[in-house]
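The values are calculated or read from the model by the stated rules, or taken from the named source; none is laboratory data. The model shown is predicted, which means the values in this text are computed figures rather than measured ones. Neighbour counts are summed over all protein chains in view; Cβ atoms, including those assigned to glycine, are modelled from backbone coordinates with ideal geometry. Surface accessibility is based on the protein's heavy atoms, side chains included, excluding ligands, DNA and RNA. Shrake-Rupley method; radii C 1.70, N 1.55, O 1.52, S 1.80 Å.
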Amino acid sequence: MHIVSFFLALLAIIHGIQAVNYTVTNTALTTSGGVRFRDQIGDQYAKQTLDSATRFIWKVFQQNNPTNRKNVQKVSLFIDDMDGVAFTSGNEIHVSARYVNGYSGDVRKEIIGVLYHEMTHVWQWNGNGQGNGGLIEGIADYVRLKANYAPSHWVKAGQGDKWDHGYDVTARFLDYCDSLKNGFVAKLNKLMRSGYSDQLFVQLLGKTVDQLWKEYKAKYGNIA
């Protein structure tokens, strides 16, 4: 048995597998949102989603080697009786039971999308504290977009008034940038491990981010 365990561990090292432990704590079971989460999503499915999201993010960020990733060994998900949608602090993700309760569509699909967004915050580099907040949120929504969990209420390609508006606006813009250079978002995230400035767009695409935004808007007819 010990020999088998040894070889499994060896295989994990060879294939660059990073074991991450996931926990789910529903602190809102006395609320209708907490009960809806339990009945329509459930702890086990949530854990599977967190794991799937992690592996998808590593793929999007082209982080096949664990040395290129953050050293995260545990991610804790909490379902809380709070306002808003969700937030991430370090390796803790908090989802609003009130949001779960009030969502009128396919709540399971929506929460999966939310978890992909929040899990991106766990793994992405933030420019060593210098990152543009809108860009950081945009990268998280870009991952959600590429995972095909973008909700229907998101802006369409070309919409928005500034590139770093964040969330769906910036996600659509990053998707455009990635179409200009495959793997752009992965390369951008990698560079943001040590710092950030808008010059990274010039470094990767040869144009300023403002010029790229103008060309992006022009492509889609300058949709407001």
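So Gly127 passes all but one of these: (1) free of Cβ contacts under 8 Å to residues at least 12 places away in the same chain; (2) in a loop (DSSP other than H, G, I, E, B). Which condition number does it fail?
So Gly127 meets the others, but not (1).
Quick check on segment 205-217. Is at least one of its residues under 22 Å from the mean Cα position of the chain (by Cα) and of a type in the set (A, V, I, L, M)?
Scanning segment 205-217 turns up at least one residue that is under 22 Å from the mean Cα position of the chain (by Cα) and of a type in the set (A, V, I, L, M).
Of a type in the set (A, V, I, L, M, F, W, C) and either open to solvent by 40 Å² or more (accessible area, probe 1.4 Å) or farther than 30 Å from Gln44 by Cβ (or both): which single residue out of Leu115, Leu135, Leu145 fits that description? Write out each step before concluding.
On the way: Leu115 fails: either open to solvent by 40 Å² or more (accessible area, probe 1.4 Å) or farther than 30 Å from Gln44 by Cβ (or both); Leu145 fails: either open to solvent by 40 Å² or more (accessible area, probe 1.4 Å) or farther than 30 Å from Gln44 by Cβ (or both).
Result of the check over Leu115, Leu135, Leu145: Leu135.
Of everything in segment 57-98, what is crowded, with 18+ Cβ neighbours inside 10 Å, more than 21 Å from Asn21 (Cβ to Cβ) and in contact (Cβ under 8 Å) with a residue 60 or more places away in the chain? Give them in sequence order.
Within segment 57-98, Val60, Ser96, Ala97, Arg98 meet the criteria.
Can you find, within segment 155-168, the residue that is nearest to Glu118 (Cα to Cα) among those that are open to solvent by less than 20 Å² (accessible area, probe 1.4 Å) and touching a Lys or Arg at 6+ places or on another chain (Cβ under 8 Å)?
Restricting to residues being open to solvent by less than 20 Å² (accessible area, probe 1.4 Å) and touching a Lys or Arg at 6+ places or on another chain (Cβ under 8 Å), the top hit is Gly160.
Go through segment 169-190 and give me each residue that's open to solvent by 50 Å² or more (accessible area, probe 1.4 Å) and more than 17 Å from the chain's Cα centre (by Cα).
If the condition is that a residue be open to solvent by 50 Å² or more (accessible area, probe 1.4 Å) and more than 17 Å from the chain's Cα centre (by Cα), then Ser179, Leu180, Lys181, Asn182 are the ones that fit.
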